[in-house]
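A short reminder: the numbers here are calculations on the coordinates, not readings from a lab. Predicted, not measured: the structure shown is a model, and the values here were computed from it. Cβ placement follows ideal geometry from the backbone for every residue including glycine, while neighbour counts extend to all protein chains displayed.
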């Protein structure tokens, strides 16, 4: 195999494809990038048996072939090459030679026959979404995904599509995030759960786009796998199976206390009060919602801290405790200047909503204060 291509194009493609490469695998080829010549250039693939990323780039192919190269080494080499073009060739022993000007590397590769086969997504459902819109929805829900859970289904984001409305739902047992948008979809109602890792890698894929606001992402949903196609990249992932929480039943339908507050002011107040909370001094924050303010305080072995934020409070006075990180991550996911907070006493979950509409709904479970235990 032999080809010549622009260094920057190959480097960007390899960095994006590398996101799906396994760092530790018993399968020899899974730690590498599959490079294969095509009619118009190169096909690059990374696949860790859970998520696969493929793209095609232009190259001048002088000799056809395919090889697997260690992803980390290849990406580092390309990142350090200052020249505009790079020449790549390999022989029947799978020895790859990379040249650019006076720079030369000889790297042992692996036979392309050792590479695991990517799954195919056939039939199913087809959906087209605005990429920027989907990215925003993912960023506003992924914080509530379970990092480790005996129930694997909660390590993913649930998609629900019904009546031209797309909902993304994430839950980890302590908080929940729901984000919804209206979309142009004429198919039947569907639900599926995508691993959070997959969605995280999709929004990280870097490309140069003149009209990024208009970029679309095509989604093909099969029985066990899903494929996302955007900016010349195909991302294939398995779907998660299992019974997901009936989240609608967990959302409070009453409102004993309704609060409206400046989002940034509340975030900064919690950040200040949390300065004495560390991993070694894990503690909750105490919040008092009263008349026209929110008082936030914390007590740890390091000392005490308190602060107050102006707010519009309608209803009963509430004193409630929270894990500071859970509360602040939900607030940071809000994309509005002000938020509405709904409370139903000291031991019921709170809701965080926009002051107008219902594009997002965040639920956070409180921590019992000693006096309420």
Under the rule a/c < 1.5 gives rounded, and otherwise a/b versus b/c splits prolate from oblate, where does segment 125-247 land using the Cα gyration tensor? prolate
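In whole percent, what relative contact order does segment 251-372 give with Cα contacts below 8 Å and a gap of six or more residues? All intermediate terms of the calculation are to be shown ahead of the outcome.
Numbers: 271 pairs, mean separation 35.2, N = 122.
Normalised by residue count, the contact order of segment 251-372 is 29 percent.
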Cβ neighbours within 10 Å, averaged per peptide: list 250-256, 343-349, 8-14 in order, most packed at the top. 8-14, 343-349, 250-256
Taking 7 Å along the Cα-to-C-beta vector as the label spot, tell me the residue 23-residue 60 distance in nanometres, rounded to one decimal. 3.9 nm
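Extension gain residue 231-residue 253, at 0.36 nm per residue separation less the Cα-Cα distance, in nm?
Values: separation 22, 0.36 × 22 = 7.92 nm, distance 4.21 nm.
Computed gain between residue 231 and residue 253 is 3.7 nm.
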Cα atoms only, segment 4-66: Rg and Dmax in Å? 11.9, 34
Using a Förster distance of 45 angstrom, determine the FRET efficiency expected from the C-beta separation of residue 218 and residue 314, and round it to 0.05. 0.50
Short to long, in 10 Å steps from zero, the percent of alpha-carbon pairs of segment 2-114 per bin is 16, 52, 30, 3
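Quick one: if the Förster radius is 35 Å, what FRET efficiency do residue 204 and residue 291 give, using the C-beta to C-beta distance and rounding to 0.05?
On the way: r = 44 Å, r/R0 = 1.27.
Efficiency for this residue pair is about 0.20.
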For the chain, modelled as a GNM with alpha-carbon contacts under 10 angstrom, which of 58, 47, 115 fluctuates the most? 58
Using a Förster distance of 45 Å, how high is the FRET efficiency between residue 243 and residue 133, based on the Cβ-Cβ distance and rounded to 0.05? 0.95
(1) 76, 52, 40; (2) 81, 47, 40; (3) 58, 44, 43, with the label sought being that of the calculated Cα extents along the principal axes in Å: (1)
Which value at 222 nm does the chain reach when only helices count, each DSSP H run of 4 or more adding -39,500 (n - 2.57), with the total divided by all residues and rounded to the nearest 500 deg cm²/dmol? -4500 deg cm²/dmol
How large is log10 I(q)/I(0) at q = 0.25 Å⁻¹ when the Debye formula is applied to the Cα atoms of segment 100-192, each weighted equally and without solvent? -1.27
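Would you work out the relative contact order for the chain, in percent, from Cα pairs under 8 angstrom that are 6 or more residues apart? Mind dumping the intermediate values first?
Numbers: 832 pairs, mean separation 47.6, N = 373.
Relative contact order for the chain comes out at 13 percent.
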With springs connecting C-alpha atoms under 10 Å apart, model the chain as a Gaussian network and identify which of 257, 215, 278 has the largest mean-square fluctuation. 278
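Over segment 243-373, what lengths in whole Å, largest first, do the semi-axes of the equivalent ellipsoid take, defined as the square roots of 5 times the eigenvalues of the alpha-carbon gyration tensor?
Numbers: eigenvalues 101, 58, 46 Å².
Three semi-axes, in Å: 22, 17, 15.
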Separation of alpha-carbon centers, segment 119-154 and segment 36-91, rounded to whole Å: 28 Å
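Only Cα pairs under 8 Å and at least 6 apart count here; give the relative contact order of segment 125-247 as a rounded whole percent. Can you show the working numbers first?
Values: 224 pairs, mean separation 35.3, N = 123.
Relative contact order comes out at 29 percent.
In nm, what is the difference between 0.36 nm times the number of residues separating residue 104 and residue 39 and their Cα-Cα distance?
Here the answer is 20.7 nm.
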